[in-house]
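For reference, the structure discussed in these notes is given below.
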Amino acid sequence: MGSNASIHAFEQSKLDAVGSSPPSLAGEEYVARTLLNATTDGALLFTPEGTILAVNYAVIRDLKRPRSDLLGTLLFDLYPSDVAAVRRAQVATVISTKQAVHFESIRDSSCYETRITPITSEDGSEVELVALFAHNITARKDAERELQNSRDELRLLSSQLERSREDERRRLARELHDSIGQSLTAIGINLGAIKERLTPCLDEAVVDHLEDALCLVQRMTRDIRSINAGLRSPVLADYGLAAALRHHASQIASRSGVDIQVIGQEPCPRLPRHWEENLFRIAQEALTNVVKHAQATWARVEIESTEKFVRLTIEDNGEGLRTPIGEAAQRKGGWGLIIIRERAISMGGKCQVKSLPECGTQVTVELQR
């Protein structure tokens, strides 16, 4: 551990080395010390061996120790033994590479963004002094943590809301099938029986009305089935994700003319129900974007499944995205890609979107099993 006398001798040697007398540098030293104390960041100046030569007010305040107690002590004595070993290694790296190192550290429940910087000789051949600067980022970290907690809560609420929606879709689908669907079937059967039995006794106008009624019932039955399929895919419930994707892709392809291929087998064992529903909705949203916005001629849906992960990929040969995802969503009238990403995150997965103008778009969602 150095002494105040050795510090004075060191400072004197530095003054002699630059060819100036102490009185002429007194003003400069005062200005430098004033500037150093003006910053709210902690700042220490020490020798390559670790002996502290100067500290500013921020260090004195944070360490709650007087300047006289700090000057001449070893920097590494300010830390617990395990942290001291890390600091020794960092200082050694700074001296050997003549490059600053940056890291975050925690002391007394406060978080600091720390930089250790070498001060070299005029010709840069050796490190004469080392400076340590510590910026307190506790408030920023707390704000980031609160923001992340808020995002997590919003995603949890969004996930719960989406599950409630899926439950409501299933309930409505059951009611449409069990109540309205069966009633329409019964009405159609009754109208058909009336038409067969009473046609010889009725004039042509009444028969035409019966036929119109039968046509209306048949159209309503088709509409109910279509609405039912949109609310809840019976193929998904009965046969799984891969079969539901193939069925949906064939319907989209027949309506839009886009050639859509589905590659992959059903994950075994089957995925949790909310995973299947979310992945199916993601594919629905992505294919809707392909048909509405991409100007694509083909699209490919691939599902990969191993013991460790499940990956869903949707890609097309369309015009691609010319703007960032958020701007693209706003300009094209929807938030499809953002919704896809949020669905993936809500399942603990990740979503990656790759796109270049005129080179198509690829959306990949991966979940860890």
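The values are calculated or read from the model by the stated rules, or taken from the named source; none is laboratory data. Remember, it's a predicted structure, so these values are computed and weren't measured experimentally. Quick reminder, even Gly has a Cβ in these numbers, built from the backbone with ideal geometry, and neighbours come from all protein chains shown.
Of everything in segment 340-369 that is more than 19 Å from ASN289 (Cα to Cα) and not aliphatic (A, V, I, L, M), the residue that is modelled with the highest pLDDT is GLU366. Against the criterion of being surrounded by 15 or more Cβ atoms within 10 Å (Cβ to Cβ), out of contact with any strand residue (DSSP E or B) (no Cβ under 8 Å at 6 or more places or on another chain), among the polar types (S, T, N, Q) and not in a loop (DSSP other than H, G, I, E, B), GLN251 does not qualify. Screening the candidates ARG115, ARG88, ARG61 for the property of being of a type in the set (Lys, Arg), closer than 15 Å to ALA134 by Cα and either in contact with a Lys or Arg (Cβ under 8 Å, 6 or more places away or on another chain) or part of a helix (DSSP H, G or I) (or both) yields one hit, ARG61. Restricting the first member to segment 348-364 and to residues that are exposed (fewer than 13 other Cβ atoms within 10 Å of the Cβ), and the second to residues that are among the basic types (Lys, Arg) and at pLDDT below 90, the beta-carbon pairs closer than 7 Å and six or more apart or on different chains are PRO357/ARG322. Count of segment 50-69 residues, restricted to those that are farther than 16 Å from ASP108 by Cβ and touching a strand residue (DSSP E or B) at 6+ places or on another chain (Cβ under 8 Å), is 8. In the condition set (1) on the phi > 0 side of the Ramachandran plot; (2) not assigned by TED's automatic domain parsing to the domain that holds ALA296, LEU210 is compliant with all but (1).
Only one entry of LYS308, LYS292 meets the criterion of being in the same structural domain as ALA244 (by TED's automatic domain parsing), modelled with pLDDT under 95 and over 22 Å from the mean Cα position of the chain (by Cα), and that entry is LYS292.
What do you reckon, is SER179 farther than 30 Å from ARG61 by Cα, touching a residue at least 40 places away in the same chain (Cβ under 8 Å) and either of a type in the set (Ser, Thr, Tyr) or surrounded by 15 or more Cβ atoms within 10 Å (Cβ to Cβ) (or both)? No, not satisfied. One residue alone among ASP167, ASP152, ASP142 is free of Cβ contacts under 8 Å to residues at least 24 places away in the same chain, closer than 30 Å to ASN37 by Cα and of a type in the set (D, E, K, R), and that residue is ASP142.
Report whether or not ASP16 is at pLDDT 90 or above, acidic (Asp, Glu) and either outside any strand (DSSP E or B) or assigned by TED's automatic domain parsing to the domain that holds ALA85 (or both). Against the criterion (at pLDDT 90 or above, acidic (Asp, Glu) and either outside any strand (DSSP E or B) or assigned by TED's automatic domain parsing to the domain that holds ALA85 (or both)), ASP16 does not qualify. Would it be correct to say that GLY264 is on the phi > 0 side of the Ramachandran plot and either of a type in the set (Gly, Ala, Ser) or in contact with a Lys or Arg (Cβ under 9 Å, 6 or more places away or on another chain) (or both)? Here the answer is yes, as GLY264 does meet what is asked. Total residues in segment 285-306 satisfying the condition of being assigned to a helix (DSSP H, G or I) and either without any contact (Cβ under 8 Å) to a residue 24 or more places away in the chain or out of contact with any strand residue (DSSP E or B) (no Cβ under 7 Å at 6 or more places or on another chain) (or both): the figure is 6.
Table: residues versus (1) surrounded by 14 or more Cβ atoms within 10 Å (Cβ to Cβ); (2) outside the structural domain of ARG171 (by TED's automatic domain parsing); (3) at pLDDT below 90.
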{"site": "GLU196", "(1), (2), (3)": "no, no, yes"}
{"site": "ASP203", "(1), (2), (3)": "no, no, yes"}
{"site": "CYS215", "(1), (2), (3)": "no, no, no"}
{"site": "ARG222", "(1), (2), (3)": "no, no, yes"}
{"site": "ASN228", "(1), (2), (3)": "yes, no, yes"}
{"site": "ARG246", "(1), (2), (3)": "yes, yes, no"}
{"site": "GLN261", "(1), (2), (3)": "no, yes, no"}
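Quick one: is THR306 of a type in the set (Val, Ile, Thr) and either closer than 22 Å to SER355 by Cα or in contact with a helix residue (DSSP H, G or I) (Cβ under 9 Å, 6 or more places away or on another chain) (or both)? Against the criterion (of a type in the set (Val, Ile, Thr) and either closer than 22 Å to SER355 by Cα or in contact with a helix residue (DSSP H, G or I) (Cβ under 9 Å, 6 or more places away or on another chain) (or both)), THR306 does not qualify. For the structure I just gave you, tell me whether LEU172 is farther than 30 Å from ARG343 by Cβ, modelled with pLDDT under 90 and assigned to a helix (DSSP H, G or I). So LEU172 does not fit the description; no. Restricting attention to segment 130-155, the residues being surrounded by 11 or more Cβ atoms within 10 Å (Cβ to Cβ) and in a helix (DSSP H, G or I) number 10.
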